[in-house]
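Q: Have a look at this one before I ask anything.
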C-alpha cells in the first residue's frame, strides 16, 4: 500500500499542502483540465476532460475503448493545464508520469468529479446511469508544477 | 505571395467557410487557445495563450526569447483546443504544422487579438505600451480539425 504522506512529500512545491488560494480555486473549480500527450506518431494531442485532484494525484477517467487510451501507456508523461478563460487569469500547469487503472465500475474520483461538475443531484443521477460501464482511470503523479495568477490590472501593469 | 483561396480550400471541413455557429462562437470568443507541443525531450507541453483566427490560420504571438520558442521549430506539428469551461461544452480542436515568423513590431494578428481580449480602448493602449518589443508569430495551418457542441441536457441525455 502506498503511504499517502510519501506521495505528498514528493509533490512539486506549488502542489504541496497548504496550497495557495490561487491553486486551491483551480483545483476546486469546474474548469475541465486540458490534457496533453504525445501520440505514437509523436504528434501532440490536447483535449478538455473532467478531473479530480486527490491531494497527491490528478485523476481523469475515460470509458474503456476511448481512442486516447490507445495512445497513452502507463509510465508515459502527460501534461495538464487548469486555467481560467477570462480575467483574473489563473493558471496551474503540471506534468508527470501516469498510471492507467482499469475499473469495473466508476472510479471514486469520477464520482467526486461528476458531483463537482454537475452538482450533487445531477451528479448522482449521472453516475447511476453509467454504472457497469467499464472505465479506465488515468492517475497522474506530478513531478513538476507551476502556477500564476493575474488580474486584468496586474496583467496590464506588468507588461507595460 | 500565398493565394488566400488556396489556403481556405485545403482547410479541414469544419474550418472551411461558412463555418458552423458553434465554431464561429469559439473562433470569435475571448477564450485562450490551449496550445500543445512536444518538447525536444519528447515531453508534452500545454499552455493557454491568446489566439487570432485569420480565416485560414491560427496565429499565436510570443515575445522573442520565450521558452517555448526554443522548443518549437517551423514545420513542427502543434495541437490546439479552443473550448468552453462550462455548459454548453463547445470544443474545437485542430492540429497542423506551424511557421514561426519574427516581427520587429507587433503582428497584425496580435493587435486584433488584443482588441478582442481586452476591448478596443485597453487593447490599443496595451499595444502602444508594447511597441518595439520584438515578437515571434506562430502561424498554424490546420491539417485536421474536429468540433463538438453539447448543452448540459444533451450531455446528460447522450450518455444515459
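Q: Where does the Debye-calculated log10 I(q)/I(0) of region B:41-129 sit at q = 0.23 Å⁻¹, using only Cα point scatterers of equal weight, no solvent?
A: -1.36
Q: At 222 nm, what helix-only mean residue ellipticity would the protein assembly as shown give, in deg cm²/dmol to the nearest 500, using -39500 (n - 2.57) for each DSSP H run of four or more?
A: -7000 deg cm²/dmol
Q: Something else now. For residue B:157, go 7 angstrom from Cα along the Cα-to-Cβ vector, then report the distances to that same point in the other copies in nm, smallest first.
A: 4.9
Q: Can you give the Rg/Rh ratio of the protein assembly as shown, where Rg is from the C-alpha atoms and Rh is the Kirkwood radius? Write out the running numbers ahead of the final one.
A: Values: Rg = 19.9 Å, Rh = 20.7 Å.
Ratio of gyration radius to Kirkwood radius for the protein assembly as shown: 0.96.
Q: Using only Cα atoms, locate the centre of region B:61-110 and the centre of region A:66-99, then give the distance between them in Å, rounded to an integer.
A: Centre-to-centre distance over Cα atoms comes out at 17 Å.
Q: Across the residues of B:39-51, average count of Cβ atoms on other protein chains within 10 Å?
A: 6
Q: At 7 Å along Cα-to-Cβ for each site, give me the label-to-label distance between residue B:102 and residue A:102 in nm.
A: 5.3
Q: Consider a paramagnetic label point 7 Å from the Cα of residue A:28 along Cα→Cβ; state which residues of region A:124-160 have an amide N under 19 Å from it.
A: Flagged as within label range: A:147-150.
Q: So, one more: Send over the semi-axes of region B:8-160's equivalent ellipsoid, whole angstrom and largest first, taken as the square roots of 5 times the C-alpha gyration tensor eigenvalues. Present the calculation step by step, with values, prior to reporting the outcome.
A: On the way: eigenvalues 146, 74, 44 Å².
Over the Cα atoms of region B:8-160, the ellipsoid semi-axes are 27, 19, 15 Å.
Q: Return A:150, B:138 ranked ascending by Cβ neighbour count within 10 Å, so the fewest neighbours appear first. Mind showing how you got there, number by number?
A: Numbers: A:150 18, B:138 27.
Ranking A:150, B:138 by Cβ neighbours within 10 Å, fewest first, gives A:150, B:138.
Q: Can you tell me, using C-alpha contacts under 8 Å and at least 6 residues apart, the relative contact order of region B:4-158 as a whole percent?
A: 28 percent.
Q: Calculate, in nm to one decimal, what residue A:86 and residue A:66 gain on full extension: separation in residues at 0.36 nm each, minus their alpha carbon distance.
A: 4.2 nm is the gain from fully extending residue A:86 to residue A:66.
Every number in this text was worked out from the coordinates using simple rules, so none of it is lab data. Since we're looking at a predicted model, the values are computed, not measured. Positions of Cβ are backbone-derived with ideal geometry, glycine not excepted, and every protein chain shown enters the neighbour counts.
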